[in-house]
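Asks: Can you read through this structure? Questions will come right after.
Nothing in this text is a laboratory measurement; each read-out follows from the coordinates by a stated rule. All of these numbers come straight from a predicted model, not from anything done at the bench. So basically every Cβ, Gly included, is an ideal-geometry build from the backbone, and we count neighbours across all protein chains shown.
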Amino acid sequence: MSRTDGSLAAVLVTVGGAVGASLRYGLAVVVPGLGATLAANVVGSAALGALVAAGDRPSPRVRLALGTGLLSSFTTYSTFAVEAVTATPGVAVVYVVASVGLGLAAAALAGTLARRGPGDDGGSSGTEGGAATGDTAEPEPEEAKGCDRR
């Protein structure tokens, strides 16, 4: 990566991060407590699932700004962890199960929908590729997907 590309990448991640953090703060103002963290993490999981499943359709710059920048600052594992350990035991169990279950389901559903693309009836054309379809091509590096945290 050239120095110019590295500088642009830093700007994209910074701007995306500022937007994501601002959205996360706004969500916490509107939905206080555990609900805000749960909502941020489920929505963020769905968005990242769709972004990664979209593959090359969004440019590497868009994936970097959205995946590494916006979504990484919008979602919040650290807050989730602290809220879980400070909640009463019954609430903590429900919160953890709901957070993980809904996050995984949201990422899977959004990823499936993104792979279908607009106008796709959901039928398999045999062109999707990826580990789930038996494609043995080399996976795309994480940094190209916009998920690299460097």
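Asks: Quick one: length gained pulling Arg116 to Ser78 fully straight, 0.36 nm per residue minus the C-alpha distance?
Replies: 10.4 nm
Asks: Oh, and also: For the range 1-83, give the magnitude of the charge dipole about the Cα centre (Cβ charges: +1 Lys/Arg, -1 Asp/Glu; no others), in debye to the nearest 20.
Replies: Roughly 180 debye for the range 1-83.
Asks: Work from the charge dipole of the range 1-96 (Cβ charges, +1 for Lys and Arg, -1 for Asp and Glu, about the Cα centre) and give the residue of Val62, Thr86, Gly26 farthest towards its positive end.
Replies: Val62
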